[in-house]
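Let me begin by presenting the structure, written as C-alpha coordinates, before commenting on it.
The values are calculated or read from the model by the stated rules, or taken from the named source; none is laboratory data. Because the structure is predicted, anything quoted here is derived from the model rather than measured. Here the Cβ is made from the backbone with ideal geometry for all residues, glycine too, and neighbour counts use every protein chain on show.
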Amino acid sequence: MDILSLKLFVTLSRNLHFGKTSEELHMSPSTVSRALQRLEDQLGHTLLVRDNRSAQLTDEGQVFLEYALETVKRWETLQRDLEGRSAVLRGQLTLFASVTASQSILPNVLSDFRHQYPEIHIQLETGYAVNALSKLTEGIDVVIAALPVDGSEHDDQLEKRIITSIPLKTVAPLNHRFDELLDIKPIDWSLVPLVLPSTGQVRKNINAWLRNQSITANVYAEVPGNEAILSLVALGCGVGFVPELVIKDSPLADQVKVVEDGPDLEDFHVGFCTRRKSLEVSPIIRAFWDSIPETSNRN
(Lines give C-alpha, C1' and ligand atoms only; values in the text may rest on other atoms or scores of the structure.)
Protein backbone atom coordinates (compact mmCIF):
# COMPACT_ATOMS: atom_id res chain seq x y z
CA MET A 1 0.00 0.00 0.00
CA ASP A 2 1.77 3.16 -1.22
CA ILE A 3 1.06 6.88 -0.96
CA LEU A 4 -0.07 7.11 -4.60
CA SER A 5 -2.72 4.45 -3.98
CA LEU A 6 -3.94 6.39 -0.96
CA LYS A 7 -4.13 9.61 -2.98
CA LEU A 8 -6.04 7.76 -5.70
CA PHE A 9 -8.52 6.47 -3.13
CA VAL A 10 -9.02 9.95 -1.65
CA THR A 11 -9.72 11.35 -5.13
CA LEU A 12 -12.11 8.50 -5.96
CA SER A 13 -13.93 8.99 -2.65
CA ARG A 14 -14.39 12.67 -3.44
CA ASN A 15 -15.67 12.11 -6.99
CA LEU A 16 -17.51 8.81 -6.44
CA HIS A 17 -17.08 8.37 -10.16
CA PHE A 18 -14.45 6.29 -11.98
CA GLY A 19 -14.55 8.39 -15.15
CA LYS A 20 -14.05 11.71 -13.36
CA THR A 21 -11.29 10.23 -11.22
CA SER A 22 -9.45 8.84 -14.23
CA GLU A 23 -9.63 12.23 -15.98
CA GLU A 24 -8.38 14.09 -12.91
CA LEU A 25 -5.49 11.68 -12.38
CA HIS A 26 -4.74 11.26 -16.10
CA MET A 27 -5.12 7.50 -16.12
CA SER A 28 -7.60 5.04 -17.57
CA PRO A 29 -10.73 3.94 -15.66
CA SER A 30 -9.42 0.37 -15.72
CA THR A 31 -6.21 1.49 -13.99
CA VAL A 32 -8.28 3.21 -11.28
CA SER A 33 -10.38 0.07 -10.88
CA ARG A 34 -7.32 -2.18 -10.58
CA ALA A 35 -5.73 0.11 -8.00
CA LEU A 36 -8.91 0.01 -5.93
CA GLN A 37 -9.06 -3.76 -6.23
CA ARG A 38 -5.48 -4.05 -4.91
CA LEU A 39 -6.38 -1.91 -1.90
CA GLU A 40 -9.45 -4.03 -1.19
CA ASP A 41 -7.40 -7.23 -1.53
CA GLN A 42 -4.78 -5.90 0.89
CA LEU A 43 -7.39 -4.83 3.43
CA GLY A 44 -9.71 -7.78 2.98
CA HIS A 45 -12.74 -5.50 2.82
CA THR A 46 -14.92 -3.94 0.15
CA LEU A 47 -14.31 -0.19 0.17
CA LEU A 48 -16.79 0.92 -2.48
CA VAL A 49 -20.01 -0.47 -3.89
CA ARG A 50 -19.74 0.37 -7.55
CA ASP A 51 -21.07 -0.04 -11.07
CA ASN A 52 -19.74 1.17 -14.41
CA ARG A 53 -20.52 4.83 -13.71
CA SER A 54 -20.62 5.58 -9.98
CA ALA A 55 -19.43 4.42 -6.58
CA GLN A 56 -20.53 4.65 -2.97
CA LEU A 57 -18.33 4.28 0.10
CA THR A 58 -19.04 1.33 2.37
CA ASP A 59 -18.72 1.71 6.14
CA GLU A 60 -15.26 0.17 5.88
CA GLY A 61 -14.46 2.55 3.05
CA GLN A 62 -15.37 5.56 5.20
CA VAL A 63 -13.06 4.34 7.97
CA PHE A 64 -10.26 3.76 5.47
CA LEU A 65 -10.81 7.22 3.96
CA GLU A 66 -10.11 8.78 7.37
CA TYR A 67 -6.84 6.84 7.49
CA ALA A 68 -5.94 7.76 3.91
CA LEU A 69 -6.63 11.48 4.44
CA GLU A 70 -4.52 11.65 7.58
CA THR A 71 -1.68 9.60 6.04
CA VAL A 72 -1.56 11.74 2.88
CA LYS A 73 -1.51 14.94 4.92
CA ARG A 74 1.27 13.61 7.15
CA TRP A 75 3.24 12.54 4.08
CA GLU A 76 2.96 16.03 2.64
CA THR A 77 4.11 17.47 5.96
CA LEU A 78 7.11 15.12 6.03
CA GLN A 79 8.07 16.11 2.50
CA ARG A 80 8.09 19.77 3.43
CA ASP A 81 10.00 19.17 6.66
CA LEU A 82 12.67 17.33 4.69
CA GLU A 83 12.88 20.13 2.15
CA GLY A 84 13.72 22.56 4.93
CA ARG A 85 11.95 25.55 6.39
CA SER A 86 13.16 27.87 3.67
CA ALA A 87 11.68 25.76 0.89
CA VAL A 88 8.82 27.13 -1.19
CA LEU A 89 5.47 25.68 -0.15
CA ARG A 90 4.19 23.45 -2.93
CA GLY A 91 1.28 21.09 -3.38
CA GLN A 92 -2.47 21.10 -3.91
CA LEU A 93 -5.36 22.67 -2.02
CA THR A 94 -8.91 21.47 -2.71
CA LEU A 95 -11.80 23.86 -2.10
CA PHE A 96 -15.59 23.58 -2.32
CA ALA A 97 -18.04 26.49 -2.64
CA SER A 98 -21.38 27.34 -4.15
CA VAL A 99 -21.32 29.23 -7.45
CA THR A 100 -22.33 32.43 -5.66
CA ALA A 101 -19.64 32.05 -2.99
CA SER A 102 -16.97 31.19 -5.56
CA GLN A 103 -17.77 34.42 -7.40
CA SER A 104 -18.33 36.83 -4.52
CA ILE A 105 -16.40 35.59 -1.47
CA LEU A 106 -13.56 33.36 -2.61
CA PRO A 107 -11.71 35.67 -5.06
CA ASN A 108 -10.58 38.20 -2.43
CA VAL A 109 -9.13 35.48 -0.21
CA LEU A 110 -7.58 33.50 -3.05
CA SER A 111 -5.96 36.56 -4.59
CA ASP A 112 -3.75 37.18 -1.56
CA PHE A 113 -3.09 33.48 -1.03
CA ARG A 114 -2.06 32.89 -4.65
CA HIS A 115 0.26 35.89 -4.53
CA GLN A 116 1.97 34.56 -1.41
CA TYR A 117 2.05 30.87 -2.43
CA PRO A 118 2.23 30.69 -6.24
CA GLU A 119 3.42 27.06 -6.20
CA ILE A 120 0.25 25.74 -4.55
CA HIS A 121 -2.24 24.41 -7.09
CA ILE A 122 -5.86 25.33 -6.35
CA GLN A 123 -8.56 22.81 -7.24
CA LEU A 124 -12.07 24.27 -6.90
CA GLU A 125 -15.28 22.26 -6.91
CA THR A 126 -18.63 24.02 -7.02
CA GLY A 127 -22.02 22.74 -5.99
CA TYR A 128 -24.94 23.28 -3.63
CA ALA A 129 -24.11 25.12 -0.40
CA VAL A 130 -26.12 22.61 1.67
CA ASN A 131 -23.67 19.89 0.63
CA ALA A 132 -20.57 21.84 1.70
CA LEU A 133 -19.84 20.33 5.10
CA SER A 134 -20.31 16.78 3.86
CA LYS A 135 -17.57 17.43 1.29
CA LEU A 136 -15.01 17.53 4.12
CA THR A 137 -15.60 13.81 4.71
CA GLU A 138 -14.99 13.17 1.00
CA GLY A 139 -11.48 14.60 1.02
CA ILE A 140 -12.02 18.30 0.25
CA ASP A 141 -9.58 20.39 2.30
CA VAL A 142 -11.62 23.57 2.92
CA VAL A 143 -15.24 24.47 2.20
CA ILE A 144 -17.25 27.69 2.23
CA ALA A 145 -20.46 26.94 4.09
CA ALA A 146 -23.36 28.36 6.05
CA LEU A 147 -22.20 28.01 9.64
CA PRO A 148 -24.16 28.25 12.89
CA VAL A 149 -22.86 30.84 15.34
CA ASP A 150 -23.55 28.61 18.32
CA GLY A 151 -21.89 25.27 18.92
CA SER A 152 -22.85 22.00 17.30
CA GLU A 153 -22.12 18.34 17.72
CA HIS A 154 -19.36 18.57 15.08
CA ASP A 155 -17.42 21.46 16.66
CA ASP A 156 -14.83 19.16 18.22
CA GLN A 157 -13.95 17.85 14.74
CA LEU A 158 -14.19 21.05 12.68
CA GLU A 159 -12.47 24.40 12.64
CA LYS A 160 -14.60 27.25 11.32
CA ARG A 161 -14.20 30.95 10.64
CA ILE A 162 -17.27 33.06 9.89
CA ILE A 163 -16.29 36.00 7.69
CA THR A 164 -19.63 37.61 6.86
CA SER A 165 -23.30 37.56 7.83
CA ILE A 166 -25.86 38.11 5.07
CA PRO A 167 -29.54 38.99 5.69
CA LEU A 168 -32.11 36.45 4.54
CA LYS A 169 -34.75 38.00 2.30
CA THR A 170 -38.24 36.81 1.47
CA VAL A 171 -38.70 36.81 -2.31
CA ALA A 172 -41.80 36.46 -4.48
CA PRO A 173 -42.37 36.50 -8.25
CA LEU A 174 -43.21 39.83 -9.85
CA ASN A 175 -46.82 40.60 -10.77
CA HIS A 176 -48.24 37.30 -9.63
CA ARG A 177 -51.38 35.98 -8.01
CA PHE A 178 -49.41 35.62 -4.76
CA ASP A 179 -49.74 39.40 -4.39
CA GLU A 180 -53.28 38.90 -3.09
CA LEU A 181 -51.97 36.65 -0.31
CA LEU A 182 -49.00 38.86 0.50
CA ASP A 183 -51.01 42.10 0.60
CA ILE A 184 -53.14 40.83 3.48
CA LYS A 185 -51.80 42.06 6.85
CA PRO A 186 -50.78 40.07 8.71
CA ILE A 187 -49.83 37.54 6.04
CA ASP A 188 -51.39 34.11 6.51
CA TRP A 189 -48.26 32.09 5.74
CA SER A 190 -50.15 28.80 5.86
CA LEU A 191 -51.78 29.80 2.52
CA VAL A 192 -48.59 30.88 0.75
CA PRO A 193 -46.81 28.20 -1.32
CA LEU A 194 -43.21 28.03 -0.13
CA VAL A 195 -40.04 26.96 -1.91
CA LEU A 196 -37.68 25.84 0.84
CA PRO A 197 -34.09 24.59 1.10
CA SER A 198 -34.07 20.84 1.58
CA THR A 199 -31.50 20.85 4.39
CA GLY A 200 -28.94 23.08 6.07
CA GLN A 201 -28.79 25.91 8.58
CA VAL A 202 -31.28 28.14 6.74
CA ARG A 203 -33.85 25.33 6.72
CA LYS A 204 -33.35 24.91 10.46
CA ASN A 205 -33.98 28.64 10.96
CA ILE A 206 -37.12 28.51 8.80
CA ASN A 207 -38.40 25.44 10.65
CA ALA A 208 -37.86 27.25 13.97
CA TRP A 209 -39.88 30.25 12.73
CA LEU A 210 -42.71 28.03 11.47
CA ARG A 211 -42.77 26.13 14.75
CA ASN A 212 -42.71 29.27 16.92
CA GLN A 213 -45.56 30.82 14.91
CA SER A 214 -47.55 27.54 14.83
CA ILE A 215 -47.63 27.69 11.04
CA THR A 216 -48.38 24.58 9.00
CA ALA A 217 -46.26 25.21 5.93
CA ASN A 218 -47.71 24.94 2.43
CA VAL A 219 -44.54 23.53 0.82
CA TYR A 220 -44.46 23.64 -2.97
CA ALA A 221 -40.91 22.28 -3.28
CA GLU A 222 -37.74 21.53 -1.34
CA VAL A 223 -34.53 22.07 -3.31
CA PRO A 224 -30.83 21.93 -2.36
CA GLY A 225 -29.55 25.32 -3.55
CA ASN A 226 -30.33 29.03 -3.16
CA GLU A 227 -30.00 29.55 -6.90
CA ALA A 228 -32.58 26.79 -7.49
CA ILE A 229 -34.95 28.41 -4.99
CA LEU A 230 -34.66 31.72 -6.80
CA SER A 231 -35.35 30.05 -10.15
CA LEU A 232 -38.56 28.44 -8.93
CA VAL A 233 -39.69 31.70 -7.35
CA ALA A 234 -39.03 33.57 -10.62
CA LEU A 235 -41.13 30.95 -12.43
CA GLY A 236 -44.07 31.70 -10.12
CA CYS A 237 -43.98 28.44 -8.19
CA GLY A 238 -43.96 30.00 -4.75
CA VAL A 239 -42.28 32.31 -2.25
CA GLY A 240 -38.77 31.61 -0.98
CA PHE A 241 -36.13 32.75 1.48
CA VAL A 242 -32.62 33.37 0.16
CA PRO A 243 -29.53 35.34 1.20
CA GLU A 244 -29.50 38.93 -0.06
CA LEU A 245 -26.20 38.31 -1.86
CA VAL A 246 -27.76 35.58 -4.00
CA ILE A 247 -30.46 37.99 -5.22
CA LYS A 248 -27.93 40.73 -5.92
CA ASP A 249 -25.67 38.51 -8.05
CA SER A 250 -28.44 36.62 -9.85
CA PRO A 251 -29.54 37.21 -13.46
CA LEU A 252 -33.06 36.59 -12.13
CA ALA A 253 -32.97 39.64 -9.84
CA ASP A 254 -35.34 41.61 -12.08
CA GLN A 255 -37.90 38.78 -12.08
CA VAL A 256 -38.46 38.66 -8.33
CA LYS A 257 -39.27 41.15 -5.59
CA VAL A 258 -38.43 41.32 -1.90
CA VAL A 259 -41.40 40.96 0.45
CA GLU A 260 -40.79 43.58 3.10
CA ASP A 261 -43.23 41.94 5.54
CA GLY A 262 -41.38 38.64 5.41
CA PRO A 263 -40.37 36.85 8.61
CA ASP A 264 -37.39 38.11 10.60
CA LEU A 265 -35.08 35.14 10.06
CA GLU A 266 -31.56 34.85 11.44
CA ASP A 267 -28.81 36.09 9.12
CA PHE A 268 -27.04 33.67 6.80
CA HIS A 269 -23.59 33.28 8.42
CA VAL A 270 -20.96 32.33 5.84
CA GLY A 271 -17.43 31.22 6.47
CA PHE A 272 -14.66 28.74 5.86
CA CYS A 273 -14.56 25.32 7.47
CA THR A 274 -11.97 22.55 7.58
CA ARG A 275 -11.30 19.43 9.57
CA ARG A 276 -9.33 20.24 12.70
CA LYS A 277 -7.11 17.21 12.19
CA SER A 278 -6.24 18.34 8.65
CA LEU A 279 -5.40 21.82 9.89
CA GLU A 280 -3.01 20.34 12.43
CA VAL A 281 -1.05 18.17 9.98
CA SER A 282 -1.13 20.09 6.68
CA PRO A 283 1.07 23.18 6.25
CA ILE A 284 -0.84 24.03 3.04
CA ILE A 285 -4.19 24.15 4.84
CA ARG A 286 -2.60 26.11 7.69
CA ALA A 287 -1.15 28.61 5.22
CA PHE A 288 -4.54 29.07 3.58
CA TRP A 289 -6.26 29.35 6.95
CA ASP A 290 -3.85 32.07 8.02
CA SER A 291 -4.68 34.02 4.85
CA ILE A 292 -8.42 34.17 5.66
CA PRO A 293 -9.47 37.54 7.17
CA GLU A 294 -10.30 37.29 10.85
CA THR A 295 -13.37 39.48 10.35
CA SER A 296 -15.35 40.99 7.52
CA ASN A 297 -18.20 43.49 7.25
CA ARG A 298 -21.41 41.98 8.53
CA ASN A 299 -24.63 43.29 7.11
Any idea which residue in the stretch 162-179 is surrounded by the fewest Cβ atoms within 10 Å (Cβ to Cβ), counting only those that are over 18 Å from residue 245 (Cβ atoms) and touching a residue at least 60 places away in the same chain (Cβ under 8 Å)? 174
Would you be able to tell me the number of residues in the stretch 103-112 that are buried (at least 18 other Cβ atoms within 10 Å of the Cβ) and of a type outside the set (A, V, I, L, M)? 1
Could you check, for the stretch 193-202, whether at least one of its residues is part of a helix (DSSP H, G or I) and within 26 Å of the chain's Cα centre (by Cα)? yes
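Each row is one residue, and each column tells you yes or no for (1) outside the structural domain of residue 13 (by TED's automatic domain parsing); (2) assigned to a helix (DSSP H, G or I); (3) within 17 Å of residue 7 (Cβ to Cβ); (4) modelled with pLDDT under 90.
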{"residue": "32", "(1), (2), (3), (4)": "no, yes, yes, yes"}
{"residue": "37", "(1), (2), (3), (4)": "no, yes, yes, yes"}
{"residue": "40", "(1), (2), (3), (4)": "no, yes, yes, yes"}
{"residue": "52", "(1), (2), (3), (4)": "no, no, no, yes"}
{"residue": "60", "(1), (2), (3), (4)": "no, yes, no, no"}
Conditions (1) at pLDDT 85 or above; (2) touching a Phe, Trp or Tyr at 6+ places or on another chain (Cβ under 7 Å); (3) of a type in the set (A, V, I, L, M, F, W, C): number failed by residue 95: (2)
Mind checking whether some residue in the stretch 124-143 is on the phi > 0 side of the Ramachandran plot and either crowded, with 18+ Cβ neighbours inside 10 Å or of a type in the set (Ser, Thr, Tyr) (or both)? yes
Contacts under 7 angstrom Cβ, first residue in the stretch 59-79 being surrounded by fewer than 16 Cβ atoms within 10 Å (Cβ to Cβ), partner not acidic (Asp, Glu), 6 or more apart: 60/45; 60/46; 60/47; 74/281; 75/3
Within the stretch 180-205, how many residues are exposed (fewer than 13 other Cβ atoms within 10 Å of the Cβ) and touching a residue at least 60 places away in the same chain (Cβ under 8 Å)? 2
Subset of the stretch 126-180 [at pLDDT 80 or above, in a loop (DSSP other than H, G, I, E, B), among the hydrophobic types (A, V, I, L, M, F, W, C) and over 16 Å from residue 13 (Cα atoms)]: 147, 174
Scanning the stretch 221-247 residue by residue, the ones that are over 18 Å from residue 176 (Cα atoms) and outside any strand (DSSP E or B) total 9
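Among the residues of the stretch 1-19, which ones are in contact (Cβ under 8 Å) with a residue 60 or more places away in the chain and in a helix (DSSP H, G or I)? Steps first, please.
Of the residues in the stretch 1-19, the ones in contact (Cβ under 8 Å) with a residue 60 or more places away in the chain are 3, 6-7, 10-11, 13-14, 16.
Once the filter is applied, which keeps residues that are in contact (Cβ under 8 Å) with a residue 60 or more places away in the chain and in a helix (DSSP H, G or I), the stretch 1-19 yields 3, 6, 7, 10, 11, 13, 14.
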